[in-house]
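Quick note: the coordinates plus some simple rules give every number you see, no bench work behind them. Computed from a prediction, not measured in an experiment: that's the story for all the values here. Ideal geometry is used to build each Cβ from the backbone, glycine not excepted, and the neighbour counts take in all protein chains shown.
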Amino acid sequence: MARVPAQQRRQDFIEAAVRVIAEVGIDGATTRKIAEAADAPLATLHYCFHTKEQLFFSVFEHMSVDILEGQTEALGGHGDLAVAAARIVRTTLEWSTQHPNYSRVQFDLLLWGLRRESKDEQWAERVYGVFTDPYVRILRESVGPNDDPALVEPLARVVLSIIDGLTLQWVSNPDTVRLQGDVELAATMISTYVSASRGAAQSVAAQARAAAS
């Protein structure tokens, strides 16, 4: 039997974990069942992932990489914060509808992380960092001359909240046409908010110039 590279084996276990959780739920997703679904020895799973927490965390890491891989340039707003934020929402929700098992399982995993007893009390917080950190980077690179850089981090958190809410709604009722309409509404809301922030900043700047003259 040909030896499977460790990186490929890790990916096999991640995909198997998602399939098993989608089929039997988080409580039934034992490492033995996951190894069987990956057609690999249980010992190999424990070699690649020392704990179930590491394996489940890697599911989120894979999601983040897969969503953003090769799309950094496309996601950039080229000097327009609102455009970049809207593109993140559109791109992520498009990925979510193309990967329904991941979309469903992520909520099971997050709630599991919040409920379980663990030495890693920041597990769920780190999960969100897997997504917010690259979103912050993309948005920061997209700040235009009239944008407020201080808006980047809270906007990234709000964008992720919109994505989570729309994903959960779609998982509950997979009406893709309705989802597309809601995504465009969210993009309009983001644009309106960023534009209002620009207007406020310009007003403050104008007042400062008037006071100095």
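Summary of the geometry: the stretch 127-182 and the stretch 84-116, compared by the centres of their Cα atoms, lie 11 Å apart. His46 sits among other residues whose Cβ lies under 11 Å from its own Cβ, and their net charge, with Lys and Arg +1 and Asp and Glu -1, is +2. Mean-square fluctuations from a GNM of the chain, with a 10 angstrom spring cutoff on Cα atoms, peak among Arg137, Arg115, Arg157 at Arg115. About its Cα centre, the dipole of the chain is roughly 180 debye, where the only charges are +1 on Lys and Arg Cβ and -1 on Asp and Glu Cβ. According to the Kirkwood relation over distinct C-alpha pairs, the hydrodynamic radius of the stretch 33-185 is 16.9 Å. Given labels modelled 7 Å from the Cα in the Cβ direction, how far is it in nm from Thr188 to Gln122? Between Thr188 and Gln122, the label points sit 4.1 nm apart.
Neighbour counting of Cβ atoms within 10 Å sorts the residues Val24, Val59, fewest neighbours leading, into Val24, Val59. When each of Thr176, Thr44 is scored by the number of other beta-carbon atoms lying within 10 Å, the sequence from fewest to most is Thr176, Thr44. The fewest-to-most ranking of Tyr193, Tyr47 by surrounding Cβ atoms within 10 Å reads Tyr47, Tyr193. Where does the Debye-calculated log10 I(q)/I(0) of the stretch 1-50 sit at q = 0.25, 0.31 Å⁻¹, using only Cα point scatterers of equal weight, no solvent? After summing over all Cα pairs, the log10 values are -0.88, -1.23.
Taking every alpha-carbon pair under 8 Å whose residues sit at least 6 apart, the chain reaches a relative contact order of 23 percent. Here the Gaussian network model covers the chain, with springs between Cα atoms less than 10 Å apart; of Ala196, Ala82, Ala187, Ala196 fluctuates the most.
Which whole-number percentage describes the relative contact order of the stretch 1-50, with Cα contacts under 8 Å and a sequence gap of 6 or more? Relative contact order, the stretch 1-50: 39 percent. Once the chain from Glu53 to Arg140 is taken as fully extended at 0.36 nm per residue, the excess over their C-alpha distance is 28.2 nm. Among Glu125, Glu61, Glu141, the largest mean-square fluctuation in a Gaussian network model of the chain (Cα springs under 10 Å) belongs to Glu125.
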